[in-house]
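**Student:** Sharing a structure below in structure tokens format, with a few things to ask.
Every read-out reported here was derived from the displayed coordinates using simple, explicitly stated rules and does not represent laboratory data. Quick caveat, the model's predicted, so the values are computed rather than measured. Cβ: placed from backbone, ideal geometry, glycine included. Neighbour counts: every protein chain shown.
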Amino acid sequence: MEELILEVKNVKYTRDGVTLLNNISFSLKKGEAMVIFGTEDSGISHLFDVIIRGDVSFEGDVLYKGSSIKELDYFSLMEYKEEIGYLHGDYGLISNLSVEQNISLPLEYHSSLSGAEIKNYVNKLIFDLNLDHCKKLRPFQLSRSEILKTAFARSIANEPDLLYLEHAFENQCYLNIITIFDILKKRIARKDKSLIIVTYRPENFIDIANRFIMFFNGRIVFEGSKDEFLYSQNPYLIQYKTNNPEGPMVIL
Amino acid sequence: MIENTVIKIGSWAIDIRNGVKDFSLFIKSIVTSFKSLRYIRFRSLYTIIINQTRFTGVDALSIVIIIALLLGATVIIQALTSLPKFGVEGFLGNLLVIIIARELGPLATTLIVIARSGSAIATEISVQKWSKEILAMELMGIDTKLFIVFPRIIASILSIMGLIIIFDVVAFIGGYLIALTVIYIPMDTFGQTLIDSFTFKDITAALAKSILFGIAVPLICCYYGFKPNSKFEIPIFVSKAVIRTLFVAIIVNIAISTIFYLI
């Protein structure tokens, strides 16, 4: 049996009386790449609250490497977050740090590597992502793709077992960030690193992902492999892929 | 009319109680975060402490020196010209030590730090929160309370302590030199009077003030820096940070002065 890295079990998440996630269950194996997609307010953005934040109350359970994240105390939660690479669409680069300082921040804070080892490792990441020309610049001096690449490098600096990318590639020129896709493909090939991509554009990740999950109204309405994503006649999926306002989903 | 006044006072009291409770929770969260010290590498805090000390301490030197010169000269000229009229010129040294070293130096220095660094700290943290930099740090497993507040407290204590010493030295020496243009007093007499007047209590009082101001200024400014939930709230909370830190600084100054006079 392949080892699971993440299990979401019957999660019901309610905030201010509104049910945002309703009976959500799925699991992610080691080495698996999953794309989670759906319309705005479908619940895909609220997965972050239950999987990543770890400090909100919800029904059901989320297990990371077999342990419930609900039982984590203050410090265990910090360690859990340290183990997960997370990148969101706002990127959150520290504005008074340069590119290389931003990338080395999690290593400086957490790792037992020496200063020289961190520098070498960060330089390698900078080289792999074609950021050499701007490694001394601060975020406000960077282009959009350079900001994404820096934030991406920072999210993988700690070699996380699970990488969670949330709307990170929206509004980006895919030609400029091709180096990121190369690194993602290499990570998936390692079989011990898992990936979750939350996006409105699942078709952009067909070459990377091997599982696709679609949300609507806080529920899972489609789940399948790459082939099923491409050829399924699921009415929700067809409506989503064809951008058709007519269908089972009522779009406001 | 009376009913409205009572309601206003009551709601004001509730606001104060809620504010104090919220601030207490903030301090508690900082104390809790100190436990994270064993999980982190000090090198990640070291750069922040250096940068904050440079901004709060070194970069503020010029303005502190100018204000120390002006205030020192004013106090020394007033003391040299007025005390003889009352026949108490023998207390010149005591008066200067009390006014400059124990009261004016710590308070004026702290007011400068609040105006420069307090507002900067609150603004920086607010903007970091708004641009989701703080969220990004939290999601990297970085204890933001420790990573942001702790280095600023250390830097603030070091800076305020250093600036107070410089303020006092400049106020005494520079003030004396400026005062020479108005009234003559031999340097050795002036110096000896000051040395004779300094007591261990004066030094302890100034030290206690520098440590308490060094903790209070970044703590209150960080607290308000973490408060804004939207961009338009940033100036509101930065303004609150500066005004309330000023208020607390004056209260702390009075409290410590009173304690040391009673001892």
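**Student:** Among B:Ile251, B:Phe172, B:Ser239, whose Cα sits farthest toward the positive end of the charge dipole of segment B:42-262 (+1 at Cβ of Lys/Arg, -1 at Cβ of Asp/Glu, about the Cα centre)?
**Tutor:** Of the options given, the answer is B:Ser239.
**Student:** For A:Ala116, what charge total do you get from the other residues with a beta carbon under 15 Å from its beta carbon, if Lys and Arg give +1 and Asp and Glu give -1?
**Tutor:** Counting the neighbours of A:Ala116, the net charge comes to +1.
**Student:** What does the charge count around A:Leu142 come to, taking other residues whose C-beta lies under 12 Å from its C-beta (Lys +1, Arg +1, Asp -1, Glu -1)?
**Tutor:** For residues surrounding A:Leu142, the net value is +4.
**Student:** I would also like to ask the following. On a full-extension model of 0.36 nm per residue, what is the gain between B:Thr5 and B:Ser24, subtracting their alpha-carbon distance, rounded to one decimal in nm?
**Tutor:** 4.0 nm
**Student:** Here's something else I'd like to know. Report, in deg cm²/dmol and to the nearest 500, the calculated mean residue ellipticity at 222 nm for chain A, where each DSSP H run with n ≥ 4 adds -39500 (n - 2.57) and the sum is divided by the residue count.
**Tutor:** About -9000 deg cm²/dmol.
**Student:** Turning to a different aspect of this structure: Taking the Cα centre as origin and putting +1 on Lys and Arg beta-carbons and -1 on Asp and Glu beta-carbons, what dipole magnitude results for chain B, to the nearest 20 debye?
**Tutor:** Around 980 debye, computed over chain B.
**Student:** Picking from B:Lys227, B:Lys21, B:Lys145, which is most flexible by a Gaussian network model of chain B using Cα springs under 10 Å?
**Tutor:** Maximum fluctuation in the GNM of chain B, among the listed residues, is at B:Lys21.
**Student:** Sort A:Thr242, A:Thr199, A:Thr39, B:Thr109 by Cβ crowding within 10 Å, fewest neighbours at the top.
**Tutor:** A:Thr242, A:Thr39, A:Thr199, B:Thr109
**Student:** Within a 10 angstrom radius of the beta carbon, how do A:Glu246, A:Glu166, A:Glu203 rank from fewest other beta carbons to most?
**Tutor:** A:Glu246, A:Glu203, A:Glu166
**Student:** Report the one residue of B:Ala79, B:Thr109, B:Tyr46 whose Cα lies farthest in the direction of the positive end of the charge dipole of the protein assembly as shown (charges on C-beta: Lys and Arg +1, Asp and Glu -1; origin at the Cα centre).
**Tutor:** B:Ala79
**Student:** Quick check: net charge around B:Leu61, other residues with Cβ under 12 Å of its Cβ, Lys/Arg +1 and Asp/Glu -1?
**Tutor:** +1
**Student:** Sticking with this one: Would you order A:His133, A:His110, A:His167 from fewest to most other beta-carbon atoms within 10 Å of each residue's own beta-carbon?
**Tutor:** A:His133, A:His167, A:His110
**Student:** Report the paramagnetic label zone for A:Asp49: residues of segment A:1-38 whose backbone N is under 14 Å from a point 7 Å from Cα along the Cα-to-Cβ axis.
**Tutor:** Counting backbone N atoms under 14 Å from the label point, the list is A:11-24.
**Student:** Okay, next question. Looking at chain B from every direction and averaging, what is the projected area of its Cα convex hull in nm²?
**Tutor:** 18.8 nm²
**Student:** With only Lys, Arg, Asp and Glu charged, each at its Cβ (+1 for the first two, -1 for the last two), find how big the charge dipole of segment A:15-104 is about the Cα centre; round to the nearest 20 debye.
**Tutor:** Dipole about the Cα centre, nearest 20: 260 debye.
**Student:** When chain B is treated as a GNM, springs tying every alpha-carbon pair under 10 Å, which of B:Tyr223, B:Tyr46, B:Tyr176 comes out with the largest mean-square fluctuation?
**Tutor:** Comparing B:Tyr223, B:Tyr46, B:Tyr176 in a Gaussian network model of chain B, the most mobile one is B:Tyr46.
**Student:** When the dipole is taken about the Cα centre of the protein assembly as shown, and only Lys, Arg (+1) and Asp, Glu (-1) are charged at their Cβ, what size is it in debye, to the nearest 20?
**Tutor:** 540 debye
**Student:** Additional query: Which of B:Ile185, B:Ile49, B:Ile98 ends up with the largest GNM mean-square fluctuation for chain B, with Cα atoms connected below 10 Å?
**Tutor:** The residue with the greatest mean-square fluctuation here is B:Ile185.
**Student:** Still on this structure, please answer the following. Would you mind checking A:Lys81/A:Lys124; A:Lys70/B:Lys129; A:Lys241/B:Lys129; A:Lys135/A:Lys241; A:Lys9/A:Lys226; A:Lys70/A:Lys119 for any pair whose Cα atoms are more than 31 angstrom apart?
**Tutor:** A:Lys241/B:Lys129; A:Lys135/A:Lys241; A:Lys70/A:Lys119
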